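Here the structure comes first, spelled out in structure tokens, and everything after it is commentary.
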Amino acid sequence: MKITAVDVFPVRQFTYVKITTEDGLYGLGEASLSGRNMAVAHAFDHLTPLLIGQDATRIEHIWQDVFRGTFWRGGPVLQSALAGIDIALWDLAGKALNVPTYRLLGGKARDKVLVYRHARCGNTEEMVESSHQLLAAGYKVLRISPTDALPDDHFHPRQAVAQAAHFVETLRTAIGDDPEIIVEVHTRLSPPRAIELCNAIEPLRPFYVEDPIRSENPTSFATLRAHTNVALGTGEQLHDKWAYRELIERELVDYLRVDICHTGGITEGKKIAAMGEVHYQELACHYTGSPVSTAAMLHLNLAIPNCAVQEFAPGGGWMSEVTPHDWQLADGYLLASDSPGLGIDLDEEAARQHPPNIPDEPPHWRRTDGSVQDW
């Protein structure tokens, strides 16, 4: 099963990788990196010659060769490119053996995967209305981002804490005790402000507080962990198992927000899950928003013992045309089909009708003094 072609498809805000072998089989992966997709696409100028002629069944070997075969390794761009390769190879392996990919990862550890949806949070009224709609559709876990609303187009940390606490209290009152609430802070607070927020909402029983502070410094999470009892989650900005190591080993977070499209794919995601299992931590996977990443995470989460929840949006429209898939949603859970591989495909002609978003730049937030604020 020698690799004969590697094709990269930048499609709007997504980047897809198609790997074809000499016998005509192909696998599809995702290498999306929001706001920097074209940097990932051009990484394949270097990576494609390395892949041509390799045995597509040697997934671990290829992972190691792409990661360690160059002096310059890691980082979000290269790890996203590696993720696209790895996911495509796992899809290809399932197709070659005519089994769903989760069978190759150890088989099902669960029958279905719990998912969460994001409720709109422009104001409290919109949040409550959006949450009721999602609950009525069968979802059991909601995520809110109560610091998104900017009162005067600037971020005020003290006001953000008060606003977030008000949003969480309003939502809990509106929906009752049973639905789970994930509180997304998007790395916007300092440790003292994050402690203030976590302690304010502890009586409201959040599922976990997501990215209360930036994720680069585990020692800062140790400070936060020592001053609050709420569950903490982080990790979507981390790119490999070494970046997770201290957070896991020191038990500084409870939920690992792995995005396998940025951390080297299914191969690395399974290893991070195993590291977390030793410390009774569970995955709460972040996703890029595409059906391909949804399918890849679904197969990983079906096969590992420590999956808590998976981020999800139904997509539809042009995304379903470009990347047709056959996973199913039922009562707030995702279920995989028995199709070979990941159960996804790429309509190349449809993909060409949706060129990449250029520029694709995320918002750049400021504080009132003009300084940079994490978005």
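The values are calculated or read from the model by the stated rules, or taken from the named source; none is laboratory data. Since we're looking at a predicted model, the values are computed, not measured. Ideal geometry is used to build each Cβ from the backbone, glycine not excepted, and the neighbour counts take in all protein chains shown. We work out accessible area using only protein heavy atoms, side chains counted, and drop any ligands, DNA or RNA first. Shrake-Rupley method; radii C 1.70, N 1.55, O 1.52, S 1.80 Å.
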**Prompt:** Among Asp345, Asp369, Asp360, which is the only one that is modelled with pLDDT under 95, farther than 21 Å from Arg117 by Cα and open to solvent by 20 Å² or more (accessible area, probe 1.4 Å)?
**Reply:** Asp360
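Filter region 330-340 for residues that are part of a loop (DSSP other than H, G, I, E, B), loosely packed, with under 15 Cβ neighbours inside 10 Å and among the small types (Gly, Ala, Ser) and give the result. Working first, answer last.
If we filter region 330-340 for residues that are part of a loop (DSSP other than H, G, I, E, B), which is where we start, we get 331-332, 336-340.
The next check asks that each one be loosely packed, with under 15 Cβ neighbours inside 10 Å; those that pass are 331, 337-338.
Of everything in region 330-340, just one residue is part of a loop (DSSP other than H, G, I, E, B), loosely packed, with under 15 Cβ neighbours inside 10 Å and among the small types (Gly, Ala, Ser), namely Ser337.
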**Fill in**
From the option list His354, His299, single residue qualifying as touching a Phe, Trp or Tyr at 6+ places or on another chain (Cβ under 7 Å) and under 14 Å from Arg12 (Cβ atoms) is His354
**Prompt:** Which one of these is surrounded by fewer than 24 Cβ atoms within 10 Å (Cβ to Cβ) and either touching a Leu at 6+ places or on another chain (Cβ under 7 Å) or free of Cβ contacts under 8 Å to residues at least 12 places away in the same chain (or both): Ser190, Ser215, Ser220?
**Reply:** Ser215
**Complete:** Counted residues in region 31-62 being open to solvent by 80 Å² or more (accessible area, probe 1.4 Å) and of a type in the set (Asp, Glu) come to 1
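Just wondering, is there one or more residues in region 297-307 that are assigned to a helix (DSSP H, G or I), farther than 23 Å from Val17 by Cβ and either within 14 Å of the chain's Cα centre (by Cα) or charged (D, E, K, R) (or both)?
Checked region 297-307: no residue is assigned to a helix (DSSP H, G or I), farther than 23 Å from Val17 by Cβ and either within 14 Å of the chain's Cα centre (by Cα) or charged (D, E, K, R) (or both).
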**Fill in**
If you go through Val128, Val185, the only one that is under 25 Å from Asp369 (Cβ atoms) and among the β-branched types (Val, Ile, Thr) is Val185
**Fill in**
Counting only residues in region 308-329 that are open to solvent by less than 40 Å² (accessible area, probe 1.4 Å) and of a type in the set (A, V, I, L, M), the one nearest to Gly276 (Cα to Cα) is identified as Ala308
